[in-house]
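Right, one structure below, let's go through it.
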Amino acid sequence: MPKKSNKRISVVVVTFRVGNYLKRCLSSIQEHSYPGLEIIVIDNSLKQDSGETITRRYDGVQCYHGQPGLSYCEGLNIGIKIARGEFILCLNDDVILAQSFFVNALKGFAMDSRIGMVSGKILRFDKDTIDSAGLFLTPWRTAQERGYGLKDRGQFEKEGYVYGISGAVAFYRKKMLDEIKQGLEYFDRDYHYFYEDLDMAWRSQKRGWKGYYIPSAIAYHVRGASLRSVDGRDKPYARRYLKSDSLHVDLIKNRYLTIIKNESIVDFLWHFPFILFYDFIQWGYIVLCKPQLVWVFLKNWSYVQAAFKKRKKIIKNT
């Protein structure tokens, strides 16, 4: 019989640069007096000695250096495999947790044994703008953050069920993650940026798990900080990414991956008019403004075949 976990909560932080954002993130975690907190950092930065810097500065933090080119989802998979907690918080390195985050968030899991995802109220750093109050699936099959960009006027103070949770501050029940993982993957490694949180929510919902929103569990998020330097300016590689085809390819590709893997035929037919309308506008823009993307998709069509293979496995395990 496997040894029972002696770590109730594990926090997994994937970082691509060791800077002030990560320092503030780790400090906010360690300020919590929650007992038995396990903190795991997957360091994908290019600095070879960055892991030593982290472990030297932060007592009790486990740091693992990733391989070059490791994606965010692959980093999370490594961290989750290492984690020993009953609950896993997957955290962006540009997030700061408010006091009592863990105590309040755990109340969500206590509501129902089938609640596998808990979202707190995520605010921007101005503490006045909502970043996310949970995730929902639109009729045209995109991910939408509740309250995104709105002023926080108390309109999301009621706790309750949500479809999914933002990937920036994603709190999961480990039992759920183990149940829905595909092979050795918790998160799909084919996702680079975007939609990995919706994919996780969709797969979880298909297995009978639920998401829950607790407004008293507050976190602050500098959205897009992974593409910026500490002074707020875009990093050189970020400017290239934002202006390149890669961002658009990731957005479009990952949406299709998520639909192919998870959508039932009945639901697809029901929502087809919405999907068609959305895609008509999207591909109209691409043909007129970025026609080179058409060739990129045709050249990389293998991801569609891979998605259908994964779909078979998901259906088999549902």
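Every read-out reported here was derived from the displayed coordinates using simple, explicitly stated rules and does not represent laboratory data. Nothing here was measured: the structure is a model prediction, and the numbers come from that model. Cβ: placed from backbone, ideal geometry, glycine included. Neighbour counts: every protein chain shown.
The residue among ILE130, VAL12, ILE315 whose Cα reaches farthest toward the positive pole of the charge dipole of the chain, with charges on the beta-carbon of Lys, Arg, Asp and Glu, is ILE315.
Packing order of peptides 119-131, 177-189, highest average first: 119-131, 177-189 (average count of other Cβ atoms within 10 Å over each peptide's residues). With an a/c value of 1.5 or above and a/b larger than b/c for the gyration tensor axes a ≥ b ≥ c computed over the alpha-carbon atoms, the stretch 147-189 is described as prolate. Other residues with beta-carbon under 15 Å from the beta-carbon of PHE297 carry, at +1 per Lys or Arg and -1 per Asp or Glu, a net charge of 0. Centroid-to-centroid, using Cα positions, the stretch 118-196 and the stretch 246-318 are 21 Å apart. Short-range pairs are left out: with C-alpha atoms under 8 Å and at least six residues apart, the relative contact order of the stretch 1-159 is 23 percent. Projecting the Cα atoms of ILE275, VAL41, ILE265 onto the dipole axis of the chain, where Lys and Arg carry +1 and Asp and Glu carry -1 at the beta carbon, places ILE265 farthest toward the positive end. Take the Cα radius of gyration of the stretch 236-317 and divide it by 2.2 N^0.38 Å, N being the number of residues; the result is 1.25. Evaluated over the stretch 236-317, the count of Lys pairs having alpha-carbon atoms less than 12 Å apart is 6 (only pairs 8 or more residues apart or interchain). Taking the number of Cβ atoms within 10 Å of each Cβ as an exposure proxy, the fewest-first ranking of LEU198, LEU293 is LEU293, LEU198.
Which residue, LEU135, LEU298, LEU70, has the most motion in a Gaussian network model of the chain that connects Cα atoms within less than 10 Å? In this elastic network of the chain, the residue with the biggest mean-square fluctuation among LEU135, LEU298, LEU70 is LEU298. Report note on the peptides 254-263, 207-216: ranked by the mean count of other C-beta atoms within 10 Å, highest first, their order is 254-263, 207-216.
Decide, for the chain, between rounded, prolate and oblate: order the square roots of the alpha carbon gyration tensor eigenvalues as a ≥ b ≥ c, take rounded if a/c falls under 1.5, and otherwise choose prolate if a/b is larger than b/c, else oblate. In terms of gyration-tensor shape, rounded.
Taken about its Cα centre, the chain carries a charge dipole of roughly 580 debye when the Cβ of each Lys and Arg holds +1 and the Cβ of each Asp and Glu holds -1.
Each of CYS25, CYS90, CYS63, CYS289 was scored by other Cβ atoms within 10 Å of its Cβ. Arranged with the fewest first, they read CYS289, CYS63, CYS25, CYS90. Among LEU97, LEU288, LEU269, the largest mean-square fluctuation in a Gaussian network model of the chain (Cα springs under 10 Å) belongs to LEU288.
Rounded to the nearest 500, the 222 nm mean residue ellipticity of the chain from helices alone is -13000 deg cm²/dmol, with -39,500 (n - 2.57) taken per DSSP H run of at least 4 residues.
Of all complete DSSP H helices in the chain, those with a Cα span along the helix axis of 18 Å or greater and a mean Kyte-Doolittle hydropathy of 0.5 or more are 265-289.
Dividing the mean sequence gap of close Cα pairs (under 8 Å, 6+ apart) by how many residues the chain holds gives a relative contact order of 18 percent.
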